[in-house]
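Below is one structure, written out as structure tokens, with a few remarks after it.
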Amino acid sequence: MFQWMDSEATVRLLDDIRRANAGDFEIASVADAPVLDDYKAVLGRAYALTGIVCGHPRLTDGKEIITSQLFYLNEELAICRTMNRWYRLGMRNQGRGH
């Protein structure tokens, strides 16, 4: 379901992406971000990731999720930024079924 972002969330998203693209990103700033394990890209209404989440503030650990729209992905740093939050990336899905 499409959801409008408020202006503060939009500014945070753009600031995060701007800092990451400029190399001004500190990995410590996402130390408490949820982990997305066994992840892979999916395309629905927008690009997103699916995987098993751990440490999410509102979702149960071990739950398979589809993130909100994906805006930034850096597999070298094992991080991504979705519309709503940063995620730390665990192991990538190697084509196995769930």
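The values are calculated or read from the model by the stated rules, or taken from the named source; none is laboratory data. Because the structure is a prediction, the values reported are computed rather than measured. Neighbour counts run over all protein chains shown; Cβ positions are idealised from the backbone, glycine included. All accessible areas refer to the heavy atoms of the entire protein, side chains included, with ligands and DNA or RNA removed. Shrake-Rupley method; radii C 1.70, N 1.55, O 1.52, S 1.80 Å.
What the table shows:
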quantity: Search result, residues across segment 16-36 that are open to solvent by less than 60 Å² (accessible area, probe 1.4 Å) and outside any loop (DSSP other than H, G, I, E, B); calculated: Asp16, Ile17, Ala20, Val30, Val35, Leu36
quantity: Qualifying positions in segment 47-77 - hydrophobic (A, V, I, L, M, F, W, C) and open to solvent by 30 Å² or more (accessible area, probe 1.4 Å); calculated: Ile52, Cys54, Leu59, Ile66, Leu70, Phe71, Leu73, Leu77
quantity: Residues being assigned to a strand (DSSP E or B), within 21 Å of Arg19 (Cβ to Cβ) and β-branched (Val, Ile, Thr) - total across segment 46-98; calculated: 2
quantity: For Asn84: the one exception among (1) more than 12 Å from Ala33 (Cβ to Cβ); (2) touching a residue at least 12 places away in the same chain (Cβ under 8 Å); (3) open to solvent by 80 Å² or more (accessible area, probe 1.4 Å); calculated: (1)
quantity: Hits in segment 1-55 - residues which are within 19 Å of Met91 (Cα to Cα) and touching a residue at least 60 places away in the same chain (Cβ under 8 Å); calculated: Asp38
